[in-house]
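The values are calculated or read from the model by the stated rules, or taken from the named source; none is laboratory data. This one's a predicted model, so the numbers in the text were calculated from it and none came from an experiment. Ideal geometry is used to build each Cβ from the backbone, glycine not excepted, and the neighbour counts take in all protein chains shown.
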Amino acid sequence: MNLDELLSEYAELELKLGDPTVHAHPTQARTFGRRYAELTPVITTHRELEGVRSDLATAKELASEDESFAEEAKELEARIPELEERLRHLLVPRDPNDDKDIIMEIKAGEGGEESALFAGDLLRMYLRYAERVGWKTEIIDMTHSDLGGYKDVTVAVKARGDEGVWSRLKFEGGVHRVQRVPVTESQGRIHTSAAGVLVYPEAEEVDVQIDPNDLRIDVYRSSGPGGQSVNTTDSAVRITHLPTGVVASCQNEKSQLQNKESAMRILRARLQAIAEEEANAAAMAERKSQIRTVDRSERIRTYNFPENRISDHRTGFKAYNLDQVLDGDLSAVIQSLLDAEMAEKLAAHA
């Protein structure tokens, strides 16, 4: 869309949001509201730029009569490139999922118990980061390992403000590699293991229509560390979407109904991701790049404990504050990925 089209869309949204009948349909009103909030910085910056240009023209006209206007003209002229650059950034097409919440899956990979313990470290890192930025988290499902790690864990992350979680955590999908001395290592040797992370935009029911006849729902008993039964009733739920073969399960809640609702949330997110991949070849390439196999060689990031170093292999970002990063201080590494994404988009739309 060009700027004129965005100005027209913004004006239409203002009219719609001022119509009481629109607010009788909360989902529709929320969609309009999100788009309006998304466009507001673009329109505000455009109006500010136009205002500065108008003031500059006036100041130049009056400068011949009053020297103070000549100085004002210089100041106004200096502001224009800054506003033009800001507008250029704002006009870069946004990821349509940027304002969405997410569902994240963390899975142990190569490395056995050490990988499961590292999966637990990653979970704590994301939970603490979410706490720092004021997001709400909810553990949907988990499978413990014998030493207190996680074979796999699924967590939902929800934003409290206007910025969506996907816009910042979409880069976390991929294989994360750890280098350290495992607790099970008696000789003090450094081992390398890996855990995988998958990130999905959370899909609402209106986003994904699922025919109940396409589902096979199995119930079974929840299991704890080592596979022991922790529930005497069949409360765990596994849902299979027959047309695609996609499976989602949950055993974290106490009731079968709650587990079914959580499994459906995971299933909707996975089916939404598949639908987007099929509709968009670029999205498919991106999703495939997240995790092919949880293999040490296909890493996006390395966490080196002996050197207290974190390295992101996509941007070249490197820092020696791994302890702080694992405590939730992810801002710098995420910003490096946001900057790289913006640079790529600007180059594509130059």
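Some notes on this structure:
- Residue identified as surrounded by 13 or more Cβ atoms within 10 Å (Cβ to Cβ), part of a strand (DSSP E or B) and not charged (D, E, K, R) among Thr40, Thr137: Thr137
- Only residues that are within 22 Å of Ala119 (Cα to Cα) and either modelled with pLDDT under 85 or not assigned by TED's automatic domain parsing to the domain that holds Ala119 (or both) were counted in the stretch 196-229, giving 7.
- Scanning the stretch 302-329 for residues that are within 22 Å of Val183 (Cβ to Cβ) and charged (D, E, K, R) returns Glu307, Arg309, Asp323, Asp327.
- When Gly112 is tested against the conditions (1) buried (at least 18 other Cβ atoms within 10 Å of the Cβ); (2) under 30 Å from Ser193 (Cα atoms); (3) modelled with pLDDT under 95; (4) out of contact with any Phe, Trp or Tyr (no Cβ under 8 Å at 6 or more places or on another chain), the lone failure is (1).
- When residues of the stretch 283-326 are limited to those that are among the hydrophobic types (A, V, I, L, M, F, W, C) and in contact with a Gly (Cβ under 6 Å, 6 or more places away or on another chain), the one modelled with the highest pLDDT: Ile300
- Entry remark, the stretch 153-180: residues being in a helix (DSSP H, G or I) and closer than 14 Å to Ala130 by Cβ number 5 in total.
- Condition check for Val22: surrounded by 14 or more Cβ atoms within 10 Å (Cβ to Cβ) and free of Cβ contacts under 8 Å to residues at least 24 places away in the same chain: yes
- Pick from the stretch 296-350, criterion outside the structural domain of His191 (by TED's automatic domain parsing) and not in a helix (DSSP H, G or I), ranking: farthest from Glu163 (Cα to Cα): Ala350
- Test result for Leu117, in the same structural domain as Glu277 (by TED's automatic domain parsing), under 14 Å from Ala194 (Cα atoms) and touching a Gly at 6+ places or on another chain (Cβ under 8 Å): yes
- Considering residues of the stretch 143-162 that are among the charged types (D, E, K, R) and under 17 Å from the mean Cα position of the chain (by Cα) only, the residue modelled with the highest pLDDT: Lys158
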